[in-house]
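In what follows, a single structure is set out as structure tokens and then discussed.
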Amino acid sequence: KNYRCIVNGNSPLCAVHEAVFGMGCFWEPSERMRKVDGVLDTVVGYAGGSLGGGRPIQPPTYDEVCYGDAWVESVMVAYDDEVISYEKLLESFWEVQKPREGERQYQSIIFPFDHMQFEAAQKWVNDGNASGRKRASDGLPISVVDIEYNSKSRNSIADRSDGVLFYQAEEYHQEFWKKWRLRIAIAVFLISTSVDLSIVNASLESQSQWKIGTLT
């Protein structure tokens, strides 16, 4: 197999294939995609900003993505195609995405890596549109899904992709909810500890006042 590598933090991640999707705000979808059988890991970043133009001089920042109209919050998925096919991965993308219509940053977009992915994505979208497919959970129509493919762009991480220019987002965006769950757990622990200490202090103070009262 043709193994490629993407980078998550300082550790290279080698996988069979990669796929990139615009799925709305990338925090939650990236975590849910990581739980799909056959998915090895996910990296959040920005894609789509190069279509119709040349390669950017430098990677976009989160502020540029938020206040611009070119880049899309995206999730790069590393997956083993012996466990899950690209077509099955499209189904997972469809179920977990949370797009916002009218906002480029949060659009639902498939960014094929190569012509094979492009053809598979095109067939998947066309078949869905032909049948009027809607997501069972909330009635989201498949017509919201776009495909953006540029055979001349290159991948900024592995530099082996034909069709995706993808820049990894800032470190604080990676595994965002995992980090925040830990912080929340620590905060809850500290708050609960503080409450317990205040009860103990109040009890000690009450006992001290009682002893003083009995002595007088």
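Close Cβ contacts (under 8 Å, 6 or more residues apart or on different chains) running from residues in region 37-49 that are assigned to a loop (DSSP other than H, G, I, E, B) to residues that are of a type in the set (G, A, S) comprise G48/G22; G48/A70; G48/S74; G49/G68; G49/A70. Taking the numbered list (1) outside any strand (DSSP E or B); (2) of a type outside the set (F, W, Y); (3) at pLDDT 95 or above; (4) surrounded by 19 or more Cβ atoms within 10 Å (Cβ to Cβ) in turn, Q105 passes all entries but (3).
Can you name every residue in region 129-168 that is modelled with pLDDT under 85 and either of a type outside the set (S, T, Y) or in a strand (DSSP E or B) (or both)? N150, K152, R154, N155, I157, A158, D159, R160, D162, G163, V164, L165 - these are the residues of region 129-168 that are modelled with pLDDT under 85 and either of a type outside the set (S, T, Y) or in a strand (DSSP E or B) (or both). Filtering region 61-74 for residues that are more than 21 Å from Q107 (Cα to Cα), at pLDDT below 90 and either buried (at least 18 other Cβ atoms within 10 Å of the Cβ) or more than 15 Å from the chain's Cα centre (by Cα) (or both) leaves an empty set. The listed residues are D127, D114, and the only one of them that is over 20 Å from the mean Cα position of the chain (by Cα) and touching a residue at least 40 places away in the same chain (Cβ under 8 Å) turns out to be D114.
The values are calculated or read from the model by the stated rules, or taken from the named source; none is laboratory data. Values in this document were obtained by computation on a predicted structure and should not be read as measured data. Please note: Cβ atoms are built from the backbone with ideal geometry, for glycine as well, and neighbour counts cover all protein chains shown.
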